[in-house]
Amino acid sequence: MTDRPQQDSANSMWGGRFAAGPDAIMEAINASIGFDRRLYAQDIRGSRAHAAMLAAQGIISTSDAEAIREGLLTVLSEIEAGKFPFRTELEDIHMNVEARLKEIIGEPAGRLHTGRSRNDQVATDFRLWVRDQCDAAIQALRALIRAALSQAEAGADWVMPGFTHLQTAQPVTWGHHMMAYVEMFGRDLSRFQDARRRMNESPLGAAALAGTGYPIDRHATAAALDFDAPMANSLDAVSDRDFALEFLSASSICAVHLSRLAEELVIWSSAQFRFVSMSDKWSTGSSIMPQKRNPDAAELIRAKIGRILGATVALFTVMKGLPLAYSKDMQEDKEQVFDAADSLMLALAAMTGMLSDLSANREKMEAAAASGFSTATDLADWLVRELGLPFRDAHHVTGSLVALAEQRGCDLPDLTLADMQGVHAGITDKVFGVLGVHNSVASRQSYGGTAPGRVRAQIARWKEILA
């Protein structure tokens, strides 16, 4: 989309030496109506605000402004009813709406474009649309966080293995693990909130690039469109796409978090783990293996980062070398954002549904937590606290005991006191008090730790944040 004079005929739109009109290939590459029709509501809203301001400033008559307002409402109803005649030869949503407006109200439609350009018009429409998507993402993330909080609250003291390198590391609780994702999604929530605040300035009235000589009131149109203020530089107003890049960046980070959780759900629902069970709503069967329950929804969420990150890279690449102000390259800014927004909202909704229906297997998780020498660190810490060993010496003693348990084919709590004293004579039977997984998690009382009391405190904190 770009700003050029308009004429009635689609084929002689540009007049002069362009009177013959573009050939089919030029029309195809130049047109954006196939995708930017999604901006219709924002385009009509911006036009209504602009027309009202023009009348208030005495630039157009009140009767023309009223005709424009009523005509635009008719166009809106036609589009929403699926009866609007979108025309490719009119290029974009702006020209389609204005052409139809002229068919409905006649000559007053030609006054709507006074004091503005398609450059600031599309910048306004697109910014309004992305702002709406930020609002939608914020609400979806709040719902997802609530679903994760419900899981965390139910399993605040359910013990499971904590992993590093996907190897059993130390016992944690199911609630603690769920709260890790609450924190991640909470940061995503704040990123969309921050992005929304930064983008909430109005480009409308910047015109093609230099502002306009008409006595317009940009503060009035900004207020009418719920912007905090008009953008302060007309060149920046028409050429800025930071708001879209920031939305895509926040979406990409959020999609990474969704993908990480989806991967864990895929692993945990496998026959080798059985930590969780997904409902039939979020699983599918196999065409030839009747025993299968495939976590397809989680796998598809896991894949969405590819599309969303791809869109982010694409728009960064489009924008990276553009001189001020507007270039036609910027027509390529929307499809990627549209697709990324659709993918993100679908992934957020699906993950919220999965977490809401998810059943965690407490017994399986606790049994797994007790295996793999998961309390070895607790043993080393006990040697430091009770026997005064330097941690490195305690680490060596613990490693020797782990090796002994491996030789015996048992876990650390199954070793006898004599076995342990054979490695270090100072060990007493008090050591068995720290080798149980419940004792282990209960001891992690540091702020942010996995102790059930700490987990419940964080759940309460997040409930207050969401409230």
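The values are calculated or read from the model by the stated rules, or taken from the named source; none is laboratory data. Just so you know, these numbers come straight off a predicted model, no measurement behind them. Ideal geometry is used to build each Cβ from the backbone, glycine not excepted, and the neighbour counts take in all protein chains shown. Each accessible area value is taken on the protein alone, full model and side chains, heavy atoms only, with ligands, DNA and RNA left out. Shrake-Rupley method; radii C 1.70, N 1.55, O 1.52, S 1.80 Å.
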(request) Return only the number of the condition from (1) of a type in the set (A, V, I, L, M, F, W, C); (2) modelled with pLDDT of 90 or more; (3) surrounded by 17 or more Cβ atoms within 10 Å (Cβ to Cβ) that Val384 does not satisfy. (result) (3)
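Only one of Arg260, Arg241, Arg274 is under 30 Å from Arg198 (Cα atoms) and open to solvent by 10 Å² or more (accessible area, probe 1.4 Å); which? Step through it out loud before you land on a result.
Values: Arg241 fails: open to solvent by 10 Å² or more (accessible area, probe 1.4 Å); Arg274 fails: under 30 Å from Arg198 (Cα atoms).
Going through Arg260, Arg241, Arg274 in turn, just one is under 30 Å from Arg198 (Cα atoms) and open to solvent by 10 Å² or more (accessible area, probe 1.4 Å): Arg260.
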(request) Determine if region 73-92 includes at least one residue that is open to solvent by less than 10 Å² (accessible area, probe 1.4 Å), in a helix (DSSP H, G or I) and closer than 20 Å to Ala207 by Cβ. (result) no
(message) Quick check on region 450-467: of everything there that is surrounded by 13 or more Cβ atoms within 10 Å (Cβ to Cβ) and of a type in the set (Lys, Arg), which residue is nearest to the chain's Cα centre (by Cα)?
(response) Lys463
(message) Just the residues that are touching a Lys or Arg at 6+ places or on another chain (Cβ under 8 Å) and surrounded by 24 or more Cβ atoms within 10 Å (Cβ to Cβ), please, taken from region 336-353.
(response) Ala340, Leu344, Ala347
(request) Considering each of Arg187, Arg127, Arg142 in turn, give the residue that is in a helix (DSSP H, G or I) and over 30 Å from Phe273 (Cα atoms). (result) Arg127
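Can you pull out every residue in region 431-460 that is of a type in the set (Lys, Arg) and part of a loop (DSSP other than H, G, I, E, B)? I'd like the intermediate steps shown before the answer.
Step one: filter region 431-460 for residues of a type in the set (Lys, Arg), giving 444, 454, 456.
Passing the criteria: only Arg444.
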(request) Considering only region 411-434, state which residues are in contact with a Phe, Trp or Tyr (Cβ under 9 Å, 6 or more places away or on another chain), more than 14 Å from Arg385 (Cβ to Cβ) and in contact (Cβ under 8 Å) with a residue 24 or more places away in the chain. (result) Asp411, Leu412, Pro413
(request) May I ask you to list the residues in region 117-146 that are open to solvent by 10 Å² or more (accessible area, probe 1.4 Å) and among the small types (Gly, Ala, Ser)? (result) Ala136, Ala140, Ala143
(message) Tell me which helices (runs of 4 or more DSSP H) are completely within region 288-396 and hold 2 or more residues being in the same structural domain as Arg241 (by the TED database), or say none if there are none.
(response) 296-319, 334-357, 362-369
(request) Would you point out the residue of region 47-68, among those that are surrounded by 16 or more Cβ atoms within 10 Å (Cβ to Cβ) and among the charged types (D, E, K, R), that is nearest to Ala222 (Cα to Cα)? (result) Arg48
(request) For region 190-218, name all the residues that are of a type in the set (S, T, N, Q) and assigned to a strand (DSSP E or B). (result) Ser202
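Test Phe192 against the criterion of being in contact with a Cys (Cβ under 6 Å, 6 or more places away or on another chain) and at pLDDT 95 or above, and give yes or no. Let's see the steps before the verdict.
Numbers: in contact with a Cys (Cβ under 6 Å, 6 or more places away or on another chain): yes; at pLDDT 95 or above: yes.
For Phe192, the condition - in contact with a Cys (Cβ under 6 Å, 6 or more places away or on another chain) and at pLDDT 95 or above - is met.
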